[in-house]
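Since the structure comes first, as C-alpha cells, the remarks are kept for the end.
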Amino acid sequence: GGINTYNRTTEKFTRYLNNPKDATSISSNDAWFCYKDRFGTLWIGTMNSSGGRGLNRYDYRTQSFKSYSAKWKNWDVSHVTYICEDKKGNFWVGDYNTGLYLFDRDKEEYVLRFTQRDGLPHNAIQSIIEDDNGNLWIGTYNGLSKFNPAAKSFRNYYEEDGLSSNKFFFRCEFKSKTGEFYFGGENGFTWFKPEDIKDDPVPPLVAITKLSLFNRPDEKLEIDGFISEMVEIELPYNHNDLRFDYVGLHYGDPAKNKYKYMLENFE
C-alpha cells in the first residue's frame, strides 16, 4: 500500500506509491519502516523484491523520494527492516537478508557492512536499541547481539543464556523509562537491563586428562603421579606421535568453551 500521510485538519489521506517510470517515487509499495532523524529528515525502509534501493529519503518540499542502492560484494540492500542513529550520529541500516550497514548521509553511500562473518548471529536484522555505553543491542532471526561500534565487536546471546527464544520479530523492541530493554520474539519476550548483563571474567581451568601414543586412546603411557601435574616427559625417537585429551573445567556454559593450542617449533 505504499506510504500514507494523514492530514488532521482536512481528515484526508495522501498516498505515495511506486511508479516504475518515476525515479522520484518511493522505491517499493512494501514499506516496512519509517524513521525521522535528528535533522528532521524522514527515511523509509522498503522491501524491494527486484533488488536494491531499499532505503528511501523523503523531501517535504518537493514531496518526492530519493532511494539508495548498494551492490556490496554482490549483496543488495533491498529489504530494509530497521533504521536508526546512535548518540554519535552514526546512521545504521538493518537489512532482512544481508546484515547491518553504516550509511554516510553526507556522501549518500554505505561505508561499512557487518554480517555473520564479522560476528553477527544472523544476517536478518529485526530490531536495534542503543544502551548508555553506546552499544547496539540487535535482535536477529537467530539470537540477540551486543555490538560495540568502536571496537567493531559482537557478543551474542542465545536461548541457553536465558532468552525466551532465538527468533526475534521485526520491530518488536522497547526501552522503558527505567532502562529495561524488551525484545519480542517467537515465545513471548525477553527483558533485561543492559548494565546487568556481564560476562564471567573467570576463564575455564584447562587440564590434560590423558596422554597416549599413536592417536590410540588405549595406548597409554606410564606416568608417575597425576598427568595434570606433569611438566615434561622424555620418550624414545619412535614414540613421536602423541595424543592429548583435555577439558575446560567451567560449568557455567561448557558448550561455549573454546580452545586454542600450538605445537611450538612444529606448526
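The values are calculated or read from the model by the stated rules, or taken from the named source; none is laboratory data. Quick caveat: nothing in here was measured; it's all calculated off a predicted structure. Here the Cβ is made from the backbone with ideal geometry for all residues, glycine too, and neighbour counts use every protein chain on show. To get the accessible areas, we keep the full protein, side chains included, count just its heavy atoms, and leave off ligands, DNA and RNA. Shrake-Rupley method; radii C 1.70, N 1.55, O 1.52, S 1.80 Å.
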Inside segment 173-210, the number of residues satisfying the requirement of being open to solvent by less than 60 Å² (accessible area, probe 1.4 Å), over 21 Å from Lys146 (Cβ atoms) and of a type in the set (S, T, N, Q) is 0
Residue hits (segment 143-196; in contact with a Gly (Cβ under 7 Å, 6 or more places away or on another chain) and hydroxyl-bearing (Ser, Thr, Tyr)) are Ser153, Tyr157, Tyr158, Ser164, Ser165
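Tell me the residue from Tyr58, Tyr68 that is modelled with pLDDT of 95 or more, surrounded by 10 or more Cβ atoms within 10 Å (Cβ to Cβ), out of contact with any His (no Cβ under 6 Å at 6 or more places or on another chain) and under 18 Å from Glu109 (Cα atoms), please. Step through it out loud before you land on a result.
On the way: Tyr68 fails: modelled with pLDDT of 95 or more.
None of the others qualify; the one that does is Tyr58.
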Filter segment 211-230 for residues that are within 30 Å of Lys256 (Cβ to Cβ) and open to solvent by less than 70 Å² (accessible area, probe 1.4 Å); the one that is modelled with the lowest pLDDT is Pro217
Could we say that Asn215 is in contact (Cβ under 8 Å) with a residue 24 or more places away in the chain, under 30 Å from Val247 (Cα atoms), touching a helix residue (DSSP H, G or I) at 6+ places or on another chain (Cβ under 7 Å) and of a type outside the set (A, V, I, L, M, F, W, C) here?
no
Flagged in segment 158-172 as open to solvent by less than 30 Å² (accessible area, probe 1.4 Å) and touching a residue at least 40 places away in the same chain (Cβ under 8 Å), in numbering order, are Phe168
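Taking segment 216-263, which residues are part of a loop (DSSP other than H, G, I, E, B) and among the aliphatic types (A, V, I, L, M)?
Let us first name the residues in segment 216-263 that are part of a loop (DSSP other than H, G, I, E, B), namely 216-219, 221-226, 230-241, 250-253, 257-263.
Within segment 216-263, Leu221, Ile223, Met230, Val231, Ile233, Leu235, Met262, Leu263 qualify.
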Scanning segment 25-54 residue by residue, those surrounded by fewer than 18 Cβ atoms within 10 Å (Cβ to Cβ), closer than 15 Å to Tyr82 by Cβ and among the aromatic types (Phe, Trp, Tyr) turn out to be Tyr35
Residue count, segment 80-138, condition out of contact with any Gly (no Cβ under 8 Å at 6 or more places or on another chain), surrounded by fewer than 22 Cβ atoms within 10 Å (Cβ to Cβ), among the β-branched types (Val, Ile, Thr) and within 19 Å of Gly54 (Cα to Cα), comes to 1
Scanning segment 1-18 residue by residue, the ones that are in a loop (DSSP other than H, G, I, E, B) and open to solvent by less than 70 Å² (accessible area, probe 1.4 Å) total 3
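Please report, ordered by residue number, the strands (runs of 3 or more DSSP E) entirely within segment 149-190 with at least 1 residues that are on the phi > 0 side of the Ramachandran plot.
Values: elements: 153-157, 168-175, 181-185.
Answer list for segment 149-190: 168-175.
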